[in-house]
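Please treat every number below as a calculation from the coordinates, not as lab data. All figures in this text were calculated on a predicted structure; none of them were measured in a lab. Note that each Cβ is placed from the backbone with ideal geometry, even for glycine, and that neighbours are counted across all protein chains shown.
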Amino acid sequence: MKYSDLDLHTRGQARFVDDLPEPEGLLHAVVLSSPAAHGRIIRLDAGKAVETDGVHAVLTADDIPGANEIGTLVADEPLLAEETVHFIGQPVALILADSERQARAALPRIDLEIDELPALVDPREAKARGELIVPPRTFCLGDVEATWKECDLVVEGTVDSGAQEHLYLETQGSLALPGERGTVRVISSTQRPTGVQRVIARLLGLAMHQVEVEVTRLGGAFGGKEDQATAWAALAALGAVIRKAPVKLVLHRQEDMIFTGKRHPYTSDFRIGLNYGGRILAYEVDFYQNAGAAADLSPAILERTLFHCTGSYFVPNVKATAYCCRTNLLPNTAFRGFGGPQGMFVIEAALFKAAVALGMSPAEIQEKNLLEEGDTFPYGMTARGCSAPVCWQEAKSRYDYKETLKRVEEFNTSHVLEKKGLAFMPVCFGISFTNAVLNQGGALVHVYSDGSVSVSTGAVEMGQGVKYKILEVAARVFSIDRKRVKVESTSTLRVANTSPTAASTGTDLNGKATELACRAILERLKGVAAGELGEEDPAKVEILEERIFYDGEKTKLMWEHLIPRVYSRRVNLSAQAHYATPGIHFDKATEKGEPFSYHAYGTAICEVTLDCLRGTYEVDAVRVVHDLGPSLAPDVDLGQAEGGIVQGIGWLTLEEVLYSDQGRLLTGTLSTYKVPDIYHTPRELEVHFLERGENPFGVFNSKAIGEPPFMYGIGVFFALLGAIKAFRPGIDVPITAPLTPERVLMTLYGNRLAELKGLGVENPTGV
Ligand code: MTE
Ligand code: HPA
Ligand code: MOS
């Protein structure tokens, strides 16, 4: 792919924070963090550490000139602990030294004594004790209470889903450079440059214009740098301003895993009512979100869980309640899907359990209840441009579901120790920030006098290809060769008041702003071109592949000649533009509104083979039909879909984050935490994009792709449950993700082994 960063990546030439040339006098920063999940600091003495070789300073909360507060939604998170600590890994002090080695050597010389208090790790217990970060919220549609008695079947259950480590390749980090008059320039690996700028300004008692934040690219983020990049940037800036020297702070992998929050684990209770025909009549659900020790983005993530609580289905009566539970774990944070996957997982579990009880296949119930055009979501919005049924049907026919099902059934009849499972996973994902204010983007475009074009926007490149798509937008509007366009780093100096690059909206918001800015320049170019051609009507001027046309006729005038003429006529070749998504709103008092500009739809069919003796499994295939609209960059979008699917599979199968009862992370290394590798990717991974449709909210009708495919991975979980059921039809399967091979084995044999061994049975597996 030309004009993306791919060539730089493959040559190892793409620069990340830790690769930047080190300025003279650079100080290296290392963080001392809390070893206790909860406690009172009774002594913090850095005297000995400061005397260590090469150490310049040890900074604590007392050194912060402004507000020691980095919370985004709730002011409940100090940058450096004061008096109390609330999770293991919470920053307490910052050591600045000539080298990283010297800074690390000083770490154990800080005398930190903590009087430990009991740690709370369980969200249900937190709720019972009233430890909620924000009051609970409930989304209602229809009347569940009145409907239960009309149901032929009511099924209840509990569903657990685990945390997930982001494991971006580039760990969190920042380089802060002090400027004149106490100003600071910060290079940060963040999805949210403006947020970092705002926090640093407040922390240091500066105005925002005294703080510049710049991002070239991130080596991955996946939501993990939407909020949690801020602390490291703020610490580096604090050091730089206080010591008047450049400061670099880059976390080691293990520190990154131990210091930073993950996807939220949820535990949820559901109750679902259906009729004998398989129609869902009522659904009630309580979500307990393990937020960890500070709010971070948890309330917004919880809200998105509520928005997606009914998945891709129409449910006429809904009552969904969500609790944001404060515990003494790391503050959990944004991760691809932003709470949506956790909500959708529960309704899929409910449908699976209902199908078992009704003796129907889950697919039949799913299909029967699929969203249709005009259906109402629990939050009051109606489904418009709903392609849920189209994608479902297209997946069924394209991937010959009938034949697949037959093959799977035959396999299961002819195999004793191996079973296959098959599951559909429809996805409906709302596009827009659920916080309406954030739905704005900005762009600054310069056309230089040689005809080359520079584009700056608020979007941050994190591997998702947003810069490539922005480049495509500018090149298309001007109709010029792509090599003329350069998309710049993201800087708060060039584009101000930006939203995080998140919620899959990076291209929609900033691409639209780019389009507007380019069109503003194009209008001026047309005016000059008409003049140059001795014609009257600028509206009849068109640029097609670098050539100027008038009234449909080819002229001799080319882009490269036109631009210098525009300059010499003293016409402005630069434009700034702002885009705000129209029409979106949400009223928290009634929990109704139009929070999304549109929804992304698609369906996956997942097939797995389970080794019923060992509990190990293989994902044979994930086959997807996804409604994408006309793509700005088909290769990028395919990569997003494939990456998202594999990451989703990882969340539900392999990736297990474990904490001790005392809140200590037990899986803080890559030898204890397993992400999918090439052997765990589906043998067959097919994604078919539907390219039809108009989308006024996307640039050139394109649609967001960053997060939605992640949720196809949920289908693999239920395919595995199907395989387990094929082997042991009678057993009750606990719905607990991740479904690791160990968990499968325990599900298959846990009780039985104990039971049969007690009876002296020689062959406890019974096969
Ligand atoms: N793809 C890569 N390679 N790296 C990432 O960090 N983040 C995901 C997704 N795809 C991510 C990614 C997440 S969580 C989001 S919200 C979107 O990209 C953000 O970018 P977009 O808005 O431009 O789609
Ligand atoms: N997604 C990602 N980040 C966000 C959102 C969202 O919906 N709302 C606020 N921050
Ligand atoms: Mo993505 S979780 O919205 O950064």
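Work out the FRET efficiency for Glu113 and Leu658 from their Cβ-Cβ distance, taking R0 = 22 Å, and round it to the nearest 0.05.
Numbers: r = 28 Å, r/R0 = 1.27.
E(calc), rounded to 0.05, equals 0.20.
For the charge dipole of the range 283-417, defined by +1 on Lys and Arg C-beta atoms and -1 on Asp and Glu C-beta atoms about the Cα centroid, which residue among Ser312, Ala395, Thr333 has the Cα displaced farthest towards the positive pole?
Looking along the dipole axis, the top candidate is Thr333.
Residue by residue through the range 208-221, what is 3J(HN,Hα) from phi via Karplus (6.51 cos²θ - 1.76 cosθ + 1.60, θ = phi - 60°)? Round to whole Hz and write x for glycine and proline.
So the Karplus estimates, Gly and Pro as x, are 4, 6, 8, 10, 10, 10, 10, 10, 8, 6, 10, x, x, 8 Hz.
Measuring from label point to label point, each 7 Å out along Cα→Cβ, what is the Leu613 to Ser671 span in nm?
My value for the distance between the label points is 3.0 nm.
Find out how many positive minus negative residues lie around Phe697, taking Lys and Arg as positive, Asp and Glu as negative, among other residues whose Cβ is under 12 Å from that of Phe697. Don't skip to the answer; put the middle values down first.
Values: positive: Arg384, Lys512, Lys703; negative: Asp508, Glu594, Glu694.
Around Phe697, the charge tally is 0.
Which of the trypsin sites (Lys or Arg not before Pro) found in the range 1-41 are in a DSSP loop and have at most 16 neighbouring Cβ atoms, other than their own, within 10 Å? Numbers along the way, then the final one.
Numbers: sites: Lys2, Arg11, Arg15, Arg40; in loops: Lys2, Arg15.
Passing both the DSSP loop test and the Cβ count: Lys2, Arg15.
Please compute the Kirkwood hydrodynamic radius of the range 27-105 from all pairs of different C-alpha atoms, in Å with one decimal.
So the Kirkwood estimate lands at 13.2 Å.
Given R₀ = 30 Å, FRET efficiency for Thr382-Ser479 by Cβ-Cβ distance, to 0.05?
Values: r = 38 Å, r/R0 = 1.25.
Efficiency at R0 = 30 Å is approximately 0.20.
Within a Cβ distance under 11 Å of Cys325, other residues only, what is the Lys/Arg minus Asp/Glu net charge?
+1
Among the lysines, which fall within straight-line cross-link reach of Lys469, defined as a Cα-Cα distance under 16 Å, with same-chain neighbours fewer than 8 residues apart omitted?
Lys2, Lys483, Lys486, Lys512, Lys703
Can you list which of the GluC sites (Glu not before Pro) found in the range 12-112 are DSSP loop residues with at most 13 other C-beta atoms within 10 Å?
Passing sites in the range 12-112 are Glu24, Glu51, Glu83.
Taking +1 at the Cβ of each Lys and Arg and -1 at the Cβ of each Asp and Glu, which of Pro696, Ala294, Gly615 sits farthest along the dipole of the chain towards its positive end, judged by Cα position relative to the Cα centre?
Pro696
How much of the DSSP beta bridge set in the chain is antiparallel, as a percent to the nearest 5?
In the chain, approximately 80 percent of DSSP beta bridges are antiparallel ones.
Hand me the trypsin sites (Lys or Arg not before Pro) from the range 560-660 located in a DSSP loop with no more than 11 other Cβ atoms within 10 Å, in residue order please.
Loop-located and lightly packed - Arg570, Lys588.
Label the chain by shape, choosing from rounded, prolate and oblate, from the square roots a ≥ b ≥ c of the eigenvalues of the Cα gyration tensor; if a/c is under 1.5 it is rounded, and otherwise prolate applies when a/b is larger than b/c, oblate when it is not.
In terms of gyration-tensor shape, oblate.
Which residues among the range 706-743 fall inside the zone where the amide N is under 15 Å from a point 7 Å beyond the Cα of Tyr679, along Cα→Cβ?
741-742
Between Glu409 and Arg565, what is the label-point separation in nm under the 7 Å Cα-to-beta-carbon projection?
7.2
Starting at the first residue of the range 700-714, write each ³J(HN,Hα) from the Karplus equation 6.51 cos²θ - 1.76 cosθ + 1.60 with θ = phi - 60°, in whole Hz, x for Gly and Pro.
Once rounded to whole Hz, the list reads 6, 6, 6, 10, 5, 9, x, 9, x, x, 3, 6, 4, x, 4.
Using unit Cβ charges (K, R positive; D, E negative) and no other charged atoms, how large, in debye to the nearest 20, is the dipole of the range 71-159 about its Cα centre?
Values: 8 positive and 18 negative charges, 48 e Å.
Roughly 240 debye, rounded to the nearest 20.
Of Val17, Ala46, Thr60, which is farthest along the charge dipole of the range 1-91 in the positive direction, counting Lys and Arg as +1 and Asp and Glu as -1 at C-beta?
Comparing the listed Cα positions along the dipole, Val17 ranks first.
Place a +1 charge on the Cβ of each Lys and Arg in the range 440-580 and a -1 charge on the Cβ of each Asp and Glu, then give the dipole magnitude about the Cα centre in debye, rounded to the nearest 20.
It works out to roughly 340 debye.
Could you pull out every residue, at least 5 positions away or on a different chain, whose amide H is within less than 5 Å of the one on Tyr598? Hs are placed 1.01 Å off N in the peptide plane, and Pro or chain starts have none.
Ile431
Hey, with R₀ at 25 Å, roughly what FRET efficiency would His209 and Ser489 work out to, going by the Cβ-Cβ distance, to 0.05?
0.85
What residues qualify as long-range amide H neighbours of Leu132, i.e. H under 5 Å apart, gap of 5 or more or another chain, H built at 1.01 Å from N?
Arg326
Would you work out the charge dipole size for the range 283-390 about its Cα centre, treating the Cβ of every Lys and Arg as +1 and the Cβ of every Asp and Glu as -1, and quote it to the nearest 20 debye? Mind showing how you got there, number by number?
Details: 7 positive and 10 negative charges, 53 e Å.
With only Lys, Arg, Asp and Glu charged at Cβ, the dipole is about 260 debye.
Take the Cα radius of gyration of the range 614-715 and divide it by 2.2 N^0.38 Å, with N its residue count; two decimals is plenty.
So the Cα radius of gyration is 1.33 times the expected 2.2 N^0.38 Å.
Express the C-alpha Rg of the range 440-580 as a ratio against the empirical globular expectation 2.2 N^0.38 Å, rounded to two decimals.
1.06
Setting aside same-chain residues fewer than 8 positions from Lys353, which lysines have a Cα under 25 Å from its Cα?
Output for Lys353: Lys149, Lys319, Lys368, Lys396, Lys402, Lys406, Lys419, Lys420, Lys725.
Can you tell me how much longer the chain between Glu51 and Asp152 gets when fully stretched, taken as 0.36 nm per residue apart minus their C-alpha distance, in nm with one decimal?
28.9 nm
Residues with amide H under 5 Å of Ala93's amide H, sequence separation 5 or more or different chain, H placed in the peptide plane at 1.01 Å from N; which?
Leu32
If each DSSP helix of 4+ residues adds -39,500 (n - 2.57) and the sum is divided by the residues in the chain, what number results at 222 nm, nearest 500 deg cm²/dmol?
Here the helix-only value at 222 nm equals -9000 deg cm²/dmol.
I want the local charge near Asp62. Using Cβ-Cβ distances under 12 Å, sum +1 for each Lys or Arg and -1 for each Asp or Glu among the other residues.
Once all neighbours under 12 Å are counted, the net charge is -3.
Modelled label-to-label distance, Arg129 and Asn275, 7 Å Cα→beta-carbon offset: nm?
With each label placed 7 Å out from Cα toward Cβ, I get 4.7 nm.
Could you pull out which residues in the range 591-616 have an amide N less than 14 Å from a spot 7 Å beyond the Cα of Leu417, following the Cα-Cβ vector?
610-616
By how many nm would the segment from Thr138 to Glu372 grow when fully extended, if each residue of separation counts as 0.36 nm and the alpha-carbon distance is taken off?
81.8 nm
What does the extension gain come out to for Asn751 and Glu83, with contour length at 0.36 nm per residue minus their alpha carbon separation?
Between Asn751 and Glu83, full extension yields an extra 235.7 nm.
Would you work out if the range 1-137 is rounded, prolate or oblate? Take a ≥ b ≥ c from the square roots of the eigenvalues of the alpha-carbon gyration tensor; rounded if a/c is under 1.5, else prolate when a/b is larger than b/c, oblate otherwise.
Note, shape of the range 1-137 comes out oblate.
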